[in-house]
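> One structure coming up, written as C-alpha cells, with questions to follow.
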Amino acid sequence: AVIYQMVSFFYNQRKRKTELTDRLRSLQMKAIQSQLYPHLLFNAASAAGSVIYKEDKDKAYDFVVKLSQLMRRALVDNEKTYKSLQEELDFVKNYLQIQKIRFSERFDFFITIDERVNMELQVPQMIVQTYVENAIKHGLEPLKSGGKLKIDIKADIKNIKIIIEDNGIGMQEAKKKDQKKGTQSGLKIMNEIFKIHNENSRIKICIQLIDLYEIEEIGTKIVIDLKAI
C-alpha cells in the first residue's frame, strides 16, 4: 500500500507538471500570435512602403533584413516555452531597431546590463518583449518626439531585476485613449504565464507596473524580479 501511494504520488506530480508545461506553451503561442505577428507585420508593411517611397535604399534594405531576422527567430522559437535571457534580449533589440527605423527620431532606446547578470538563465519566452512592445505602442507612439525607452538589467547574489521604463503618456492616459485590446490581453496572458511558472520553478517571478505620473514623474516603469528561493 505504501509503495502504491508513493508511485501514485509521483505519477500525479509528473502528470501535473506536464499539464502545466502544456498550458504554458499554449499561452505563449497565444501571446505571440495575438500580439507580435499582427501588429508587427501590419506596421512593418506600412513602414517599408514609406521608406521605399522616399527612395532611401539603404534604410529600406536594413529594415527588411532586420524584419526577416526577427520573423525567422520568432518561427525558430515558436515551440519554446523558455529561452536564455540573452536570446530574449537579442530578440528585443532586433524589435527595437525595427521600431527605431519606423519612428525615426520620435524615440530612442538604451539598454544597460550589470556584468553580474547570468545571461544564460532560462526565462519564459516574451518576458521582456511583451512589456517593451506595450511601452512602445501605448506609451511612446502617441508622442511626436523625444521618446525614450530604457531597459536596465541588474543582479545581486541570488536575484535579477529587469526594469523597463519609458517617458510616455502613462498608464492612466493610455487607458483613456481606448487602446486596442491586443497588448492588454497580452499582459493578462503574461500574468497567467508567471503564475504557472511560479508553481513549477524555484525561481519566482514578481512584477510591478508603476505609473510614474502618480509620483509626479513622467512615464511608466515595469519592474520584473526573478528571485531564487
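The values are calculated or read from the model by the stated rules, or taken from the named source; none is laboratory data. The shown structure was predicted, so the numbers you read here are calculated from the model rather than taken from an experiment. For neighbour counting, all protein chains shown are included, and Cβ atoms are generated from backbone atoms with ideal geometry for every residue, glycine included. The area values use the complete protein model at the heavy-atom level, side chains included, leaving out ligands, DNA and RNA. Shrake-Rupley method; radii C 1.70, N 1.55, O 1.52, S 1.80 Å.
> Say whether the condition of being touching a residue at least 60 places away in the same chain (Cβ under 8 Å) and more than 20 Å from PHE91 (Cβ to Cβ) is met by at least one residue in segment 207-219.
yes
> I need the full set of residues from segment 186-204 which are touching an Asp or Glu at 6+ places or on another chain (Cβ under 9 Å) and open to solvent by 10 Å² or more (accessible area, probe 1.4 Å), in order please. Steps first, answer last, please.
Pass one, segment 186-204, residues touching an Asp or Glu at 6+ places or on another chain (Cβ under 9 Å): 186, 204.
If the condition is that a residue be touching an Asp or Glu at 6+ places or on another chain (Cβ under 9 Å) and open to solvent by 10 Å² or more (accessible area, probe 1.4 Å), then LYS204 is the only one that fits.
> A further question on this structure: Go through segment 126-164 and count every residue that is on the phi > 0 side of the Ramachandran plot and not small (Gly, Ala, Ser).
1
> Looking at (1) free of Cβ contacts under 8 Å to residues at least 40 places away in the same chain; (2) in contact with a helix residue (DSSP H, G or I) (Cβ under 8 Å, 6 or more places away or on another chain); (3) open to solvent by 70 Å² or more (accessible area, probe 1.4 Å), which one does LEU67 not meet, given that it meets all the others?
Only one criterion is unmet by LEU67, namely (3).
> From ILE169, ILE189, which residue is more than 27 Å from ASP62 (Cβ to Cβ), touching a Gly at 6+ places or on another chain (Cβ under 7 Å) and of a type outside the set (Ser, Thr, Tyr)?
ILE169
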